[in-house]
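*Asks:* Below is one structure. I have some questions about it.
Just so you know, all these numbers are worked out from the coordinates, no wet-lab data involved. As the structure is a computational prediction, the values presented were derived from the model and not from experiment. Quick reminder, even Gly has a Cβ in these numbers, built from the backbone with ideal geometry, and neighbours come from all protein chains shown.
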Amino acid sequence: MSGGTSSGHSRISVAGLGNVLLGDDGFGPLVIEMFRCEYECRQDVEIIDLGTAGLDLTPYLDGRDLVLIVDAVHADEKPGTLCIYRDTDLLAGRAQLRVSAHDPGLQESLAQLKLVGQAPSELIVIGVVPACCECGNDISPTVLSTCSVAVNSIARLLMERDVDCHRRHAALEPNVWWRGFHQLGVASPRSDLQNHDEYFSKLRTRRPAGIIGE
Amino acid sequence: MTTRVTIDPVSRIEGHLRIDVEVDGGSVQKAWACCPMWRGIETILRGRDPREGWVFAQRICGVCTTVHAMASVRAVEDALHLEIPANAQYIRNLILIGHALHDQIVHFYHLSALDWVDITAIPKADPGRAASIADGISTWPGNSRRELETVQNKVKGVIASGQLGIFSHGYWGHPAMRLSPEMNLLLFAHYLQALEFQRKSSQVVGILGGKTPHVQNLAVGGVMNAINLNSLATMNMDRLGMLKSLLQDLVPFVEQAYFVDACLLAGSYPEWFNYGRGVTNYLAVPDLPLDARATHFDLPGGVIMSGELHSGRQIHDWHDETIRGAVAEDVTRAWYQGAGAQKPWQGKTDPAYTDFQPEGKYTWSKAPRYDGKPMQLGPLANVLVGYASGHPLTRKWTDAALERISSVQGSHVSMESLQSTMGRCVARAIRSAMLSELGVRHCQLLTENILRGDDTTYNPPEFPRHEVAGVGMHEAPRGALSHWVVIDKGVFSNYQAVVPTTWNASPRDEKGVPGPYESSLLGNPVADLEKPLEVLRTVHSFDPCMACACHMLDASGREIAQVKVL
């Protein structure tokens, strides 16, 4: 299982934020799942989809050495632009995270943990500027095309910090169950997206009935 | 002169709740609650396999994931008349208790306490005096003079640095802030200590659910937790022992810090028992089933109309025909096509957006009604219904709360007073104290059942070809949640989630009758139009999911209150 139980044993967290039912807001969870399938990390790296946890994020940041957050961000840039923020940007209000429901969370959780001396030693946000965050929509082609870049950015950030992380010889098959309900292929894919479309065309809900996960 | 104040806490982006009030002579004369975001879960679930509905349903909301998953599986099980094993009931109950305690602790300390607690007053406190105040009312070990001094120094440091950060948007120094510096210090110390118990309660959910947020262990027909006392990889005595100690660790914090603080706060702001009464019809559904067939429950359900506890009606179980027939959702004033009310099983979700029209349609929230009447949901409904039915655990903690509040305030506080803004805050603490006891109890029930040799956790569902309908009920932290499903040829043909915040934030209906938020704000004082703290106190007392919490959390520094003069 990729997730953890917030037991506090992981020293490093790679976390996706966002609502998978709201189009580009699902960027974080999708990138996290792609990263888990394409890269292998040492055991104390927790790779986790945190959804839209709001203030409930606190336990997942508590006492970590390093936290990488992947999320949709509100910035004056073109949709699909990747932006990197550090915790100081968040606390200074320079980064506006979460363009969808339950907007607050990360800043507040971080500030609370700072007060009790349990804030992560380092926190980095890899954000994408969304094109559309409407309920029931699939992720937009523009944002989809940045997913691989984000995945590789996570790996690079970990390697730069001497965290054991390497590309798998054969990628695992991602479990992106939520994309089943979107009408894939209706929007005409751009040529640079073909790889992604091929990648996802193989994906179907492959869970046995009533059982989720592995 | 009437002034219109719009509180749109997440106006920089799409949000969940906007409150408009008309203020005249220092109090609210009219109020509108608007949910500016449409949840289209119904559309997403139609045509899907009912066995995986819960996986989608738990993504409706990031904060209340577990509750929607639970209501979804219960709805399908109800449609199939499918019983689940006793172990599955206990495991689900423990998840629900872990989630609720987490949620209610976070609500009190991290989302609403700063409506009442003034951080900027903390440097003036005498930590020794604060410790001795605490000593007389609580056995909590985190109240030592040394501990309180440490917290005070942290706060002084933050204030001196000029970087109040997330706390810079509180209404500090507001005339409605009235705690002594010592009480501000004490409550803020618990605000920080609460983080540890937030983590412990979410660990309960994680151990059983496989992962938090978004549990993975549910299934239509039970849970997917394997039980084998001889295996290291499954639910075994070791795992049960971990659960037990986590649940036991929560008890002292909930009973000696949270519960005591809520009573202290209530006794220090007695006038807030006079505001925020609003809709006095209450609905709670029974929860924490004790047997496979769900015939007995540890939390009672019922209906109280017009605030009259003695004439309340009990809801004994989820098969109660009255509630199944009484719930309907009115769309007259909501951004959906048509007017009037529909039963959830026949409910439609066809949008018809018009912009905010206070005399017309003005919200995405439908108006759920019970026999045509608005109902208030949440811990207060829970407590009143339990008290009225003579439920011993409810009575024990409610009586304890009233006694404590009366002693702080120096005059008698009655049951009647609980139907108010402050009453909702107190009721949440009462419910938390009950749940912390029940957590230990349900862990014991699970262990005993397993030791009797029962290791079943799942009964496989079978879907008929013909149409069946069901409702799944759950008494969630914000109140009675129900998912209504129609299944035809093995797939959902209709899915309607009637959520507590929809009941409480409901707009006016066909007859023009306002919902609970709207009614509760009438007569609410507003001392400073630029800082409508008192409005937020009443709205926050309902715990409106995350949305209204943003007033103090807006890190971008943008204004959240727009004042319009009519």
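*Asks:* Order by neighbour count: B:ARG395, B:ARG333, fewest other Cβ atoms within 10 Å first, most last.
*Replies:* If I rank by nearby Cβ atoms, fewest first, I get B:ARG395, B:ARG333.
*Asks:* Place a label point 7 angstrom from the Cα of B:GLU416 along the Cα-to-Cβ direction, then list the residues of the range B:301-332 whose backbone nitrogen is under 16 Å away.
*Replies:* Zone members listed by number: B:306-311.
*Asks:* Given a Förster distance of 45 angstrom, what is the FRET efficiency for A:ASP89 paired with B:LYS373, based on the Cβ-Cβ distance and rounded to 0.05?
*Replies:* With R0 = 45 Å, the Cβ-Cβ based efficiency is 0.35.
*Asks:* Could you work out the relative contact order of chain B, using alpha carbon pairs under 8 angstrom and six or more residues apart, expressed as a whole percent?
*Replies:* This gives 26 percent for chain B.
*Asks:* Taking only C-alpha pairs under 8 Å that are 6+ residues apart, what is the relative contact order of the range B:86-157 in percent? Don't skip to the end; give the middle numbers.
*Replies:* On the way: 22 pairs, mean separation 22.0, N = 72.
Once divided by the residue count of the range B:86-157, the mean separation gives 31 percent.
*Asks:* Given the convex hull over the Cα atoms of the protein assembly as shown, what projected area results after averaging over all orientations, in nm²?
*Replies:* 31.3 nm²
*Asks:* While we're on this one: Select from A:GLY18, B:ALA233, B:THR43 the residue farthest towards the positive end of the dipole of the protein assembly as shown; place +1 on Cβ of Lys and Arg, -1 on Cβ of Asp and Glu, and compute about the Cα centre.
*Replies:* B:THR43
*Asks:* Let me know the mean shielding of A:108-114 by other chains, meaning the per-residue number of their Cβ atoms within 10 Å of its Cβ.
*Replies:* Mean partner-chain Cβ count within 10 Å for A:108-114: 6.
*Asks:* Take the alpha carbon gyration tensor of the range B:272-354, find the square roots of its eigenvalues, order them as a ≥ b ≥ c, and report rounded if a/c is under 1.5; if not, report prolate when a/b exceeds b/c, else oblate.
*Replies:* It comes out oblate by the Cα gyration axes.
*Asks:* Have a look at B:ILE133, B:PRO516, B:ASN153 and report the one farthest towards the positive end of the charge dipole of the protein assembly as shown, computed about the Cα centre with Cβ charges (Lys/Arg +1, Asp/Glu -1).
*Replies:* Most positive-ward Cα: B:PRO516.
*Asks:* Relative contact order of the range B:222-375, please, whole-number percent, based on alpha carbon pairs below 8 angstrom and at least 6 residues apart.
*Replies:* In percent, rounded to a whole number, it is 14.
*Asks:* Which order do A:LEU158, A:LEU22, B:LEU393, B:LEU101 fall in if you start with the one that has the fewest other Cβ atoms within 10 Å?
*Replies:* Working: A:LEU158 22, A:LEU22 26, B:LEU393 18, B:LEU101 30.
By the 10 Å Cβ count, ascending, the order reads B:LEU393, A:LEU158, A:LEU22, B:LEU101.
*Asks:* Considering every residue in A:56-63, what mean count of other chain Cβ atoms within 10 Å of its Cβ is obtained?
*Replies:* Mean partner-chain Cβ count within 10 Å for A:56-63: 5.
*Asks:* Additional query: Can you give the translational diffusion coefficient of the range B:286-327 in µm²/s, computed by Stokes-Einstein from the Kirkwood radius over Cα pairs at 4 °C and 1.567 mPa s?
*Replies:* 116 µm²/s
*Asks:* Let me ask something else. Would you list B:PHE188, B:PHE297 from fewest to most Cβ contacts within 10 Å? Display every interim value, and only then the final one.
*Replies:* Numbers: B:PHE188 26, B:PHE297 21.
Lowest count first: B:PHE297, B:PHE188.
*Asks:* Compute from the Cα atoms of the range A:1-91 the Rg and the Dmax, the latter being the longest Cα-Cα distance, and quote both in angstrom.
*Replies:* Taking only Cα atoms of the range A:1-91, I get Rg and Dmax of 13.2, 38 Å.
*Asks:* Taking the range B:462-540, which GluC sites (Glu not before Pro) meet the DSSP loop condition and have no more than 16 other C-beta atoms within 10 Å?
*Replies:* Of the GluC sites (Glu not before Pro), the ones in loops of the range B:462-540 whose Cβ has at most 16 other Cβ atoms within 10 Å are B:GLU462, B:GLU467, B:GLU510, B:GLU530.
*Asks:* To the nearest 20 debye, what charge dipole does the protein assembly as shown have about its Cα centre, counting +1 at the Cβ of each Lys and Arg and -1 at the Cβ of each Asp and Glu? Don't skip to the answer; put the middle values down first.
*Replies:* Numbers: 70 positive and 87 negative charges, 22 e Å.
The dipole of the protein assembly as shown has a size of about 100 debye.
*Asks:* Using only the alpha carbons of the range B:359-468, determine the length spanned along each of the three principal axes and report them from longest to shortest in whole angstroms.
*Replies:* That works out to 58, 52, 23 Å along the principal axes.
*Asks:* Here's another thing I want to ask about it. From the square roots a ≥ b ≥ c of the eigenvalues of the alpha-carbon gyration tensor of the range B:93-240, which class results: rounded (a/c under 1.5), prolate (a/b over b/c), or oblate?
*Replies:* prolate
*Asks:* Give me the Debye-computed log₁₀ of I(q)/I(0) at q = 0.06, 0.10, 0.12, 0.13 Å⁻¹ for chain B, equal point scatterers on Cα only, no solvent, two decimals.
*Replies:* Values returned for q = 0.06, 0.10, 0.12, 0.13 Å⁻¹ are -0.29, -0.82, -1.19, -1.39.
*Asks:* If you take the charge dipole of the protein assembly as shown about its Cα centre, with +1 on Lys and Arg Cβ and -1 on Asp and Glu Cβ, which of B:TYR191, B:THR212, A:LEU57 is farthest toward its positive end?
*Replies:* B:THR212
*Asks:* With a ≥ b ≥ c the root eigenvalues of the C-alpha gyration tensor of the range A:38-77, is it rounded (a/c under 1.5), prolate (a/b larger than b/c) or oblate?
*Replies:* Values: a/c = 2.11, a/b = 1.33, b/c = 1.58.
Note, shape of the range A:38-77 comes out oblate.
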